[in-house]
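Below is one structure, written out as structure tokens; the observations come after it.
Just so you know, all these numbers are worked out from the coordinates, no wet-lab data involved. This is a predicted model, so every value here is computed, not measured. When we count neighbours, we look across all protein chains shown, and the Cβ atoms used for this are built from the backbone with ideal geometry, even at glycine.
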């Protein structure tokens, strides 16, 4: 489906990425943030301090229950908010200090669905990913068209390019949105709960594709999720959050400790180590207890 | 559809310009006094050669002093309202947005009524008052519509609607309690009327302001395409959302203010022309803006011609015509689902 | 969506292209429309090129108006001005008037330029007037401005009382070059009013409610024509506000208990029947004048600033103070006056002289 090392091929051979096989790409160093209702009042929610690093070709899962600060951490990484203390760096540059265009060339964000008012054709939609690279009115040149088509091919959605987005199924739409992110030719891809509206097959397919793309194109992928099973199966690194605090960072096997998970997710769980070294999580129903 | 190319945009606009020319000729031709097109073209030639006084006087008066200024005003106002409508529809991410949804027309109406009350004898007080009222409303709604330092669509919409109804209430109050007979003209103005040409001094300011505002909105048209997919998404794709929203807000409001000052609140053009253009030419704003401007001009010129001729010799205000034609179109679009 | 796929299946074209085809063919149709039906109403006019000798007059708003020495073609933009033009004997010079000009009968047959509020400029221009007549109370400032811009002279009258109306007659006579007939007419009108004053001297003014509209109840303010006409006819409006058409409450009228109720006839329907219907309504029953039948219906010429207004005033004076006129043999008991017709008015005129 895609040629090896299509990364430079996508870019038409013009963009050069330095060889950074083993060094860190994403560096979150003691970053913290706080929300407050107004400038004078006390913070209603605090995040931090959080530290972790990630390299190329890695998938990082930011894991935690609702309201644990996952989305805030994502925004910090994406650079839309600046940390109150500490640093968030991509290849040595602070993400929040980048200008909007450059940031869009380095970081692509895939959000949960927002209502689309005027559904465009899938091909045009993916072409929007080329926006950070164009001049004034962004009329697409042939390179842009080529890159968009390749992006669609990489997600296996090339046949959808003439269809309107409004007509696609959840899984297909997710793939097209991912293709748009790929068309940005980023170094870092952030996904915010991408599996929320997908059925299990589509969920697995998405994560597998992400892993494959990360390998081929040397992306760093950060996925915010609360799906324990998916994170365990696909992530190289897990950042566990609860109430805005980072409880543990490490490989899934290191992070998935039964007592820790039970406390964080407030549910009875069993954790066993699978054959590939990845933990499997099983839910247990409470037996013999009244659930009031 | 293939992605939009410059070539396709150019040819579409050229075709629409031809259509506009045809509408202008039709409008010059029709009226209480019939005029033939061949004579018209010959006369234009004569005027160009400086032999204007060869034309019979009342013919010249009717065609060039009565109809032509009306047509030109219709072109400018139609273009302004359509582009403003398209801009607001993107800014508010709402297909029901029209140029008046943020209260500009009510502010303009109130401004002109107050001007008539305070200084009834001063020439041109009505358009001036309208413009001042409109700009005051723009500023007021801007400050009402801000959240966390930038314009928020929902807050803006609410602020605008509240201003519009508040001003309308004041206008009703003034019109029923005051006895000035000059206020009678307000009814026509409120409906929208192209029969009063822009005064000579204001023509340049009007045209320049119009072109500048349309140009400013057009420069953000690629950004608007992205903005419609969502503000977060647009930011992550490299759009400077705060700047774009401000530019669109100011430009679209300015276009509305200019249009309303010149001709009153002509309805439905700003709402429906962008939708009709989307239906035919697609939602890409890089084509939508120029196409809406041209189609708005065509629509208003034709509507005004109809208003002038359908119950001749009485002239209907053009706003009545756009409402009568616009409502069925609106219903059709509603049934079809705003595609 | 289904419609779209049906079309697509039927024609093989997709909807966008189809709509675009439609748009462009509409353009072609427009083009055809333009080219067909080519008839030119353009005449080479001779008269316009000749600049007749001009004189400058000042109208009642203080505007300077340039009119030709001989005013041959006149357009009137208000019904009262049309009446004045005919009363001055200049009816044959009238080239056009409004849709609402209904008196005299010949005025209805003149070419119409639309209503007074929104006349059709092109029609006015095509009638090639030497002078256009307008009045501030009915016509819009924008209309006058538009005529100015076209270079057509406009004379604007602005009378606010009966005396000013007579002055307007004289001014218009001067503008139209009919000074002698104007002087005669004005003297006649003033004479009749003086006569009326004389007859009514010493009579106590009757307290009157002039009813303009019943739902809601609207009367007249003290600065209106009607109020002035009432005063001349020996009456006094019980409503004395500054607003032109004040809404008054029925209870207030019951409290004031006017002596006479005056209605202007609408020329449609039987006033007698409408008044009978009104008599039965709550609130109206409590007005003594209603019960006693002290009701007068006058022609609506009383609100049109033209010579006929004086006729209406005289008839109203007859109705309010029959004792002042009984010496002339008119029956004193007749309180309810029916809708006017020309013959009755002329008879009344003859009596009053």
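Structure values in brief
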{"quantity": "Sorted by Cβ neighbour density within 10 Å, fewest at the top, the residues A:199, C:188, A:144", "calculated": "A:199, C:188, A:144"}
{"quantity": "FRET E, pair residue B:13, residue A:146, Förster distance 25 Å, beta-carbon r, rounded to 0.05", "calculated": "0.35"}
{"quantity": "Relative contact order computed over the range A:6-250 (Cα-Cα under 8 Å; 6+ residues apart), in percent", "calculated": "30"}
{"quantity": "Of every Cα-Cα pair in the protein assembly as shown, the percent that sits beyond 38 Å", "calculated": "61"}
{"quantity": "Chain lengthening between residue B:335 and residue B:219 when straightened (0.36 nm per residue, less Cα-Cα)", "calculated": "38.5 nm"}
{"quantity": "R0 of 45 Å, Cβ-Cβ distance residue B:165-residue A:204: FRET efficiency to nearest 0.05", "calculated": "0.25"}
{"quantity": "Residue of B:130, B:257, B:119 that the Gaussian network model of chain B assigns the largest fluctuation, springs spanning Cα pairs under 10 Å", "calculated": "B:119"}
{"quantity": "Peptide C:103-115, shielding by other chains (average Cβ, 10 Å cutoff)", "calculated": "1"}
{"quantity": "Value at 222 nm in deg cm²/dmol, rounded to 500, when DSSP H runs of n ≥ 4 in the protein assembly as shown each add -39,500 (n - 2.57)", "calculated": "-15500 deg cm²/dmol"}
{"quantity": "Pair residue B:148, residue A:87: separation of 7 Å Cα→Cβ label points (nm)", "calculated": "2.6"}
{"quantity": "Dimensionless Rg ratio for the range B:6-336, taking C-alpha atoms and the 2.2 N^0.38 Å reference", "calculated": "1.01"}
{"quantity": "Virtual paramagnetic centre 7 Å along Cα→Cβ of residue A:197, amide N under 20 Å, in the range A:120-153", "calculated": "A:120-129"}
{"quantity": "Semi-axis lengths (Å, descending) of the ellipsoid that matches the C-alpha gyration tensor of the range C:109-233", "calculated": "33, 22, 11"}
{"quantity": "Hydrodynamic radius of the range A:6-250 per Kirkwood, over alpha carbon pairs, in Å", "calculated": "18.5"}
{"quantity": "Tail beyond 17 Å, pair distance distribution of the range A:175-261 (Cα, percent)", "calculated": "50"}
{"quantity": "Hull shadow area, averaged, the range B:1-120 [alpha-carbon convex hull, nm²]", "calculated": "12.8"}
{"quantity": "With 5 Å bins from 0: P(r) over the range A:104-228, alpha-carbon pairs, percent", "calculated": "2, 11, 22, 25, 22, 12, 4, 1, 0"}
{"quantity": "Rh by Kirkwood over Cα pairs, then Stokes-Einstein D for the range A:219-292 at 0.890 mPa s and 25 °C, µm²/s", "calculated": "185"}
{"quantity": "Rg [Å, one decimal], Dmax [Å, integer] - the range B:213-339, C-alpha atoms", "calculated": "16.6, 59"}
{"quantity": "Label-point separation, residue B:207 to residue A:216 (7 Å along Cα→Cβ), nm", "calculated": "5.7"}
{"quantity": "Per-selection metrics, the range C:168-215 (Cα): Rg and Dmax in Å", "calculated": "16.6, 46"}
{"quantity": "Per-residue average of Cβ from other chains inside 10 Å of B:34-40", "calculated": "5"}
{"quantity": "Likely footprinting exposure, A:262, A:233, fewest C-beta neighbours within 10 Å first", "calculated": "A:262, A:233"}
{"quantity": "Whole-number percent relative contact order across chain B, with pairs defined as alpha carbons under 8 Å at least 6 apart", "calculated": "29"}
{"quantity": "Ordering of C:214-224, B:68-78, B:226-236 by packing [mean C-beta count within 10 Å, highest first]", "calculated": "B:68-78, B:226-236, C:214-224"}
{"quantity": "Likely footprinting exposure, A:147, B:266, C:138, fewest C-beta neighbours within 10 Å first", "calculated": "C:138, A:147, B:266"}
{"quantity": "Inter-centroid distance (Cα atoms) of the range A:72-89 relative to the range C:191-232, Å", "calculated": "84"}
{"quantity": "q = 0.15 Å⁻¹: log10 I(q)/I(0) that the Debye formula gives for the range C:52-186, counting C-alpha atoms only", "calculated": "-0.63"}
{"quantity": "Residue mean of other protein chain beta carbons inside 10 Å, B:237-246", "calculated": "4"}
{"quantity": "Two-site label geometry, residue C:160 and residue A:272: point separation in nm, points 7 Å out along Cα→Cβ", "calculated": "10.3"}
{"quantity": "Efficiency of FRET from Cβ geometry, residue B:240 and residue B:325, R₀ 45 Å, rounded to 0.05", "calculated": "0.70"}
